[in-house]
Amino acid sequence: MFFAKRRLMKSGERATATVLSCEYRSKRTSNELRDFDYVLEVHPVAAEMFEAKVRDKFWIAGLRPKALDENVPVRFDPATKETIFDLGQDPRYDVDRMNERTAKLRAKTRALKASKPGLGSKR
């Protein structure tokens, strides 16, 4: 399975997906990876939409696709329709990208407060 994921990340076609359902597989709480089963509606650029099942693991359960999320980046094999998540560049699911976005928003807020002196004052 590991090599299949690597192959798809390298040569799979890009698409977006809508999460139709998500089921938490792990029934015990632990510090290990959390397993989830997904049903996705995959929207390829040059082909018809199809439904795919994906099983994936996440360290941080809050940084994962949730039910009804749209435009989730995926990669797939056109011949087999095997699909995997491609979340590396999406700030909704990547800690580093989320931290970069937060830093930019904080800088923008500080600049806005500096440009309007009464905006940031405490009463």
Inset, instruction - All but one of (1) open to solvent by less than 60 Å² (accessible area, probe 1.4 Å); (2) assigned to a loop (DSSP other than H, G, I, E, B); (3) free of Cβ contacts under 8 Å to residues at least 24 places away in the same chain; (4) of a type outside the set (D, E, K, R) hold for Gln89, so report the exception by its number. - result: (1)
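Looking only at the stretch 65-80, count how many residues are touching a residue at least 40 places away in the same chain (Cβ under 8 Å) and either under 18 Å from Lys5 (Cα atoms) or of a type in the set (A, V, I, L, M) (or both).
So in the stretch 65-80, the residues touching a residue at least 40 places away in the same chain (Cβ under 8 Å) come out as 65-78.
Filter again for either under 18 Å from Lys5 (Cα atoms) or of a type in the set (A, V, I, L, M) (or both), leaving 65, 67-68, 72-78.
Going through the stretch 65-80 one residue at a time, the tally reaches 10.
Taking the condition of being outside any strand (DSSP E or B) and exposed (fewer than 13 other Cβ atoms within 10 Å of the Cβ), how many residues in the stretch 46-77 meet it?
Restricting attention to the stretch 46-77, the residues satisfying the condition of being outside any strand (DSSP E or B) are 46-49, 59-71, 77.
With the extra rule that they be exposed (fewer than 13 other Cβ atoms within 10 Å of the Cβ), the set shrinks to 46, 48-49, 59-62, 67-68, 70-71.
Residues in the stretch 46-77 being outside any strand (DSSP E or B) and exposed (fewer than 13 other Cβ atoms within 10 Å of the Cβ): 11 in total.
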Inset, instruction - Go over the candidates Thr102, Thr83 one by one and state the one that is at negative phi and touching a residue at least 60 places away in the same chain (Cβ under 8 Å). - result: Thr83
Legend entry - Search result, residues across the stretch 37-77 that are within 13 Å of Thr16 (Cα to Cα), small (Gly, Ala, Ser) and modelled with pLDDT under 95: Ala46, Ala47
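The values are calculated or read from the model by the stated rules, or taken from the named source; none is laboratory data. None of these values were measured; they are calculated from a predicted model. FYI the Cβ positions are ideal-geometry reconstructions off the backbone, even for glycines, and counts take in every protein chain you see. Protein only, heavy atoms only, side chains kept; ligands, DNA and RNA dropped before computing areas. Shrake-Rupley method; radii C 1.70, N 1.55, O 1.52, S 1.80 Å.
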